[in-house]
1. Mind giving me the nanometre distance, one decimal, between the label points for Glu60 and Lys204, set 7 Å out from Cα along Cα→Cβ?
2. Hey, what do the phi angles of the range 143-152 turn into as Karplus ³J(HN,Hα) couplings, whole Hz, using 6.51/-1.76/1.60 and θ = phi - 60°, x for Gly and Pro?
3. Quick one: which residues, 5+ away or cross-chain, put their amide H under 5 Å from the amide H of Leu152? H built at 1.01 Å from N.
4. Please compute the length gained on full extension between Leu184 and Arg162, using 0.36 nm multiplied by the number of residues separating them and subtracting their Cα-Cα distance.
5. Tabulate in residue order the Karplus-calculated ³J(HN,Hα) for the range 29-34, using 6.51 cos²θ - 1.76 cosθ + 1.60 with θ = phi - 60°, rounded to whole Hz; enter x for Gly and Pro.
6. Given the pairs Lys22/Lys137; Lys72/Lys147; Lys49/Lys137, which are separated by over 32 angstrom at their Cα positions?
7. What is the extension gain from Thr13 to Tyr174, computed as 0.36 nm multiplied by their sequence separation minus the C-alpha to C-alpha distance, in nm to one decimal?
8. For the chain, build the charge dipole from Cβ charges (+1 Lys, Arg; -1 Asp, Glu) around the Cα centre, then report which of Pro175, His55, Phe164 sits farthest towards its positive end.
Amino acid sequence: MDEIGKVRKIRDTSLKHEAILKGAIKVFTSHGFDASSMDRIAEVAGVSKRTVYNHFPSKEILFQAIVADFLKQRDEIKPIRYSSDISLELQLVEFAKAELFLINDPIRRGLSKLFTSVFLMNIEFGKKTRSKFEPHKAFIIWLNDAKEDQKLSFQSPELTARIFYGMVEGCLTYPALFTDGESLKQIDALLMEIVATFLANYKKIV
C-alpha cells in the first residue's frame, strides 16, 4: 500500500471510530447502558457490527472510551495552569467553570446523567471505570504549584482537591443534573462563595 493509501486508511479508521462513539452516545443516552446493544450501536453509527467490535471488543470498553473522550474534551478546552500574576480567586473560579463544561450543554448534561446512573447501578463497573483516570490531576498540579509559591497551606493535595470538587459538584453539578440546567442561570455569587469558603481554610496567611 502506498503512502496515500495508508493515509486514507488511517482517516477512514478514525472516522469510523468517531462515528461509533457518536452512535453509542445516542443509543446509551436514549436507552440506557443495560438496554443498549452493540447491534443497535452499529446500526446508528452506520457501520457493521464487526467494525464496532474491531474498535471496541465489548460494550463496557466502548462505554469507558466515551467517558475518556468526554473528560479529554473538558481538559483540552480549559487547560488551567498556576500563575503567580493572577489572583487565587480568579484561578479557582476558572477550575469551577471548567467543571461546568460537563453540564452546561444538554447533550453533555445527558452524558453526565448517563454516567451517574450507570455508576450508581453498577458499583463495581463504576469503580473499574474510574480507576482508569486520575481524578483532579490538573487541579492537584495547580495546588502544589500554589503551595510552592507560598500562597496555599495544606497537608494532602489529594484531600484538598476532594474538598474543592466536593463543593463544586454538590453546589453546581448535581443541582444542574436534577433541574436539567435550570440551576445554572444565576451562579456567579455561588461560584465566589465556593471559592471564598475554600480559601478561608487553605489560603496561607502571610
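Only the coordinates and a few stated rules stand behind these numbers; no lab work does. What you are looking at is a predicted structure, and each value in this text was computed from that prediction instead of being measured. Don't worry about glycine lacking a Cβ; one is built from the backbone with ideal geometry, like all the others, and counts go over all protein chains shown.
1. The two pseudo-label positions are separated by 4.5 nm.
2. Listing the rounded values in order: 4, 5, 5, 5, 5, 4, 7, 6, 9, 10 Hz.
3. For Leu152, whose amide H was placed from the backbone, the distant partners under 5 Å are Lys147, Lys204.
4. 5.7 nm
5. Working through the residues one at a time gives 6, 7, 10, x, 5, 5 Hz.
6. Those over the limit are Lys49/Lys137.
7. Difference between extended and current length: 54.3 nm.
8. His55
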